[in-house]
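The next block holds one structure in the form of structure tokens; read it before the comments.
The values are calculated or read from the model by the stated rules, or taken from the named source; none is laboratory data. All figures in this text were calculated on a predicted structure; none of them were measured in a lab. Every residue, glycine as well, gets a Cβ built from its backbone with ideal geometry; the counts of neighbours run over all protein chains shown. Please note that ligands, DNA and RNA were not included when accessible areas were found on the heavy atoms of the full protein model with its side chains. Shrake-Rupley method; radii C 1.70, N 1.55, O 1.52, S 1.80 Å.
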Amino acid sequence: MATEVNRIGEAGRLNQGQVRALTRHLETVARHVRQGRPCPALDMRDAFRDQVMEFREAGFLTDRDVAELLGSLRLLEPAEPGQSQVERSYAPGVAGELRSIVKGGEEIRYEVIDGLAIYQGDIILGYADEFEAAASADGASPDLPVYASGVCDRPGDVLRCGTWRDGVVGYDFALEGWGAETLAMRTLILQAIAQWEARTGVAFERRTSGERVVFRNASGCSSSLGRKEFTGFTPQWINLATNCNTIGIVVHEIGHAVGMFHEQSRRDRDGFVRIFPERIREGKDHNFDRYARDEGMDVGPYDYTSIMHYYCDDFAIADAGNAIEPIQPGVTCADVGQKSTPGNSQGLSDGDILGAFTLYPPRYEITGATSGEVNDRFELEVVATRLSLPRPEHMVWTSDRVAGELRRGHTLNSVALGLAPGPHVITASVTILGVTVATRTISVTIRNTAPDVSLGPDREEDLNVPFTVVSSVNDAEDGVCPVTVCSYTWDPNPDIDRGPRAEYRFTTEGPQTITLSVRDNGGAGTSASVNVNVVNTPPQPTITTPTTGSGFSVGSTLRVSAYADDLNEPGGRLACSRLRWSSSEATDAFDSRFGCTPELTFGDAGARTLTLLATDPQGASQSTTVDVQVVACGPSCRPDASFVIEPESELDGSTFSPPFSGPGYLLTTELTLRGSIFDADVPPDNPIQFWWELLPPCVAPEITPCPPAIPLDNGSVVVTGFPAVADLTFRPGDHVAEWAECQVHARQYTLRLTVRDATGAVNEYSRPVHLACTLI
Ligand SMILES: [Zn+2]
């Protein structure tokens with residue numbers, strides 16, 4: 001600081017004696033402070049101050065000289081130890097000279113302390129004389145353009161407040177300063193800078209020369225306002241006493257340097273806060289002035305939570321109550337400003353961020369899709385061209401073709417939004433508290449091609465049988481196009497509609513056409529058809545009783561049995577009423593020619609063919625035959641026998657090797673044989689004996705004797721009517737040893753029912769049956 005004195009001397013404003021006197025004073029003060037002798041130091045400071053002010057009044061010194069001399073002296077005034085609530089002011093407890101200028105008919109009041117014009121307690125406007133000279137010059141054109149919100153932004157205004165070029169604030173630290181607190185204070189300052197950079201478009205750059213703010217220790221917490229011309233107040237200070245060590249205070253003081261006023265100095269503040277002049281300390285009421293109309297601009301809604309808002313008790317007389325209080329319902333002093341309390345992060349509010357973005361619009365671009373024609377699947381992203389992006393909730397996407405917001409955030413996904421094809425002007429805006437501070441737009445034309453649909457080649461399907469049509473859909477934009485993206489319409493209406501698949505069952509023969517229309521979410525549609533020839537398959541009749549080769553007596557009555565498979569009929573089986581019987585021998589008589597189990601009485605002796613004709617409802621028919629032998633009765637008729645097996649079959653013989661037809665069962669299945677016995681004699685030759693046998697396979701009887709028959713059961717009946725019953729229930733596996741290995745999966749056995757009447761006449765009836773040890 002002695003160098004400041006010498007500089008003034010060299011400039012010729014002080015003579016050698018005056019320079020020596022001031023230098024001696026300063027050296028004495030510094031020595032006393034170093035020696036920890038505050039009282040003599042205070043006295044010496046007052047004496048120094050008096051001497052400087054005397055030279056100023058005599059016209060030797062300028063305000064800049066005074067500021068540099070006394071400002072330096074303040075570095076030697078440590079803050080009161082133990083002061084818990086820091087007052088954000090240039091010189092706590094000091095009452096400077098109150099002055100004012102008039103601009104546009106409005107008074108701008110400020111204090112002069114140490115030759116500096118101090119505004120609203122902690123805002124340094126500059127050297128008082130230079131500030132007043134500039135204000136006087138501005139008086140010629142009092143209606144200067146408006147500055148930004150709670151903020152100022154233009155060189156040439158009376159407050160000499162400008163924004164930082166390219167949004168970059170230069171900064172540096174003064175070397176002398178906080179002593180043992182230096183590291184902690186520097187860390188705090190860097191944290192505050194990081195907060196500004198993370199949440200606003202303002203950047204910071206360490207500079208050792210040129211336009212910059214310099215953080216240094218001083219007796220209070222104060223800052224210059226906005227960027228100052230480099231030729232003026234240089235460098236511009238951010239003063240931070242060691243008890244200004246909260247993140248909130250540092251963020252606040254940087255806020256002034258960026259260009260922000262106090263929130264409660266907004267033009268509209270009287271609708272939000274009430275000022276109590278009688279509670280304000282003497283000479284400090286000017287700190288509650290609104291900024292002059294042309295000096296700032298209110299941006300966004302009034303923000304009690306602004307980091308730039310005074311606390312209720314700032315500048316209040318002790319125990320007199322609050323100097324300023326909120327008047328909006330539900331808002332209390334606890335909500336006003338941001339006190340350094342636990343849980344309070346003390347940072348920039350949305351209102352502060354809005355103000356900062358108004359002064360320093362965010363710089364960003366939209367990437368991800370170039371202008372022009374794009375597929376309807378694209379993703380746009382906002383990227384910062386400098387430092388941080390606005391917070392995601394502040395980024396709002398809109399399209400000129402869609403009402404309202406598309407979404408918020410840094411990216412826009414067209415697929416999720418389902419934007420309609422055609423030209424769109426897509427805008428990404430930064431909107432904070434309802435105020436849009438920046439926008440970027442791109443023009444894109446979203447194209448959409450119709451999906452490609454195929455139902456496969458023409459096909460043949462069975463009448464009355466359900467079948468499924470599966471479409472193949474490929475969309476250039478939407479791929480296989482799930483039902484969430486595409487709509488599927490089938491014609492005719494299917495029985496079951498599963499979007500890309502449909503199930504049909506046609507009940508009439510002949511050609512049918514199925515058409516599928518697919519429309520994607522962009523509204524482009526296409527359709528495809530498939531021709532289906534619906535065919536009817538003739539029934540497949542089977543006679544189960546009698547079996548070919550069976551012999552019966554003339555006059556015998558036999559219950560024949562048959563069924564007809566038909567895949568076009570319910571259950572795959574033709575109704576019994578559609579089975580028609582006939583015999584090649586005209587003397588044979590059926591009790592009814594239709595049915596599954598009519599009775600047949602044989603007429604004359606001889607061979608004959610029994611024919612079963614099955615005709616389905618569509619008129620398709622097929623027949624099957626069985627040949628039997630009818631023998632004339634000798635002295636008496638031999639008895640007749642026949643049987644059916646329940647169930648009819650349980651194995652599909654075509655799946656076995658070698659394949660077989662006819663009934664097939666597992667060894668473990670319980671079978672019921674329904675036997676019928678008849679004797680044509682009148683009266684019958686009762687009683688009639690019968691026995692059941694299972695005949696093992698006999699592969700080569702000419703070489704190896706056939707294995708013996710396996711007896712199953714025997715008994716006797718008395719025939720009194722038709723039919724006499726001789727049923728048997730048994731399990732084949734109980735009588736047939738399981739084969740050692742199941743390599744031969746099925747073997748053909750024979751079931752045989754033999755009858756013998758009282759005269760000794762014998763007859764038999766047999767049916768082949770396949771037995772398997774495992775399923776295939
Ligand atoms: Zn302030």
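Among 13, 31, which is the only one that is touching a helix residue (DSSP H, G or I) at 6+ places or on another chain (Cβ under 9 Å), among the charged types (D, E, K, R), surrounded by 13 or more Cβ atoms within 10 Å (Cβ to Cβ) and modelled with pLDDT under 80?
Working: 13 fails: modelled with pLDDT under 80.
After ruling out the rest, the residue left standing is 31.
Against the conditions (1) within 23 Å of residue 220 (Cα to Cα); (2) open to solvent by 10 Å² or more (accessible area, probe 1.4 Å), where does residue 302 fall short? Just the number, please.
Among (1) within 23 Å of residue 220 (Cα to Cα); (2) open to solvent by 10 Å² or more (accessible area, probe 1.4 Å), the lone unmet condition for residue 302 is (1).
Scan the stretch 438-453 and give yes if some residue there is acidic (Asp, Glu) and part of a loop (DSSP other than H, G, I, E, B), otherwise no. Reasoning before the result, please.
So in the stretch 438-453, the residues acidic (Asp, Glu) come out as 452.
Restricting the remaining residues to those that are part of a loop (DSSP other than H, G, I, E, B) gives none.
No, the stretch 438-453 contains no residue that is acidic (Asp, Glu) and part of a loop (DSSP other than H, G, I, E, B).
Quick check on the stretch 589-616: of everything there that is touching a residue at least 40 places away in the same chain (Cβ under 8 Å) and outside any strand (DSSP E or B), which residue is nearest to residue 539 (Cα to Cα)?
Checking each candidate, the answer is 616.
Can you pull out the residues in the stretch 119-136 that are farther than 15 Å from residue 239 by Cβ, in contact (Cβ under 8 Å) with a residue 24 or more places away in the chain and of a type in the set (A, V, I, L, M)?
Selection gives 128, 134, 135.
Only one of these is closer than 14 Å to residue 522 by Cβ and open to solvent by 30 Å² or more (accessible area, probe 1.4 Å): 466, 421. Name it.
Of 466, 421, the one residue that is closer than 14 Å to residue 522 by Cβ and open to solvent by 30 Å² or more (accessible area, probe 1.4 Å) is 421.
Considering only residues that are surrounded by fewer than 15 Cβ atoms within 10 Å (Cβ to Cβ) and free of Cβ contacts under 8 Å to residues at least 40 places away in the same chain, which ones fall in the stretch 424-435?
Result: 425, single match.
Out of the stretch 312-346, which residues are under 43 Å from the mean Cα position of the chain (by Cα), at pLDDT below 90 and surrounded by 18 or more Cβ atoms within 10 Å (Cβ to Cβ)?
336, 337, 338, 346
For the stretch 641-671, what are the residues that are of a type in the set (Asp, Glu) and closer than 23 Å to residue 564 by Cα? Reasoning before the result, please.
Of all residues in the stretch 641-671, those of a type in the set (Asp, Glu) come to 646, 648, 650, 652, 670.
The answer is 646, 648, 650, 652.
Evaluate the following for residue 330: is it outside the structural domain of residue 430 (by TED's automatic domain parsing) and more than 15 Å from the ligand (Cβ to nearest atom)?
Criteria met by residue 330.
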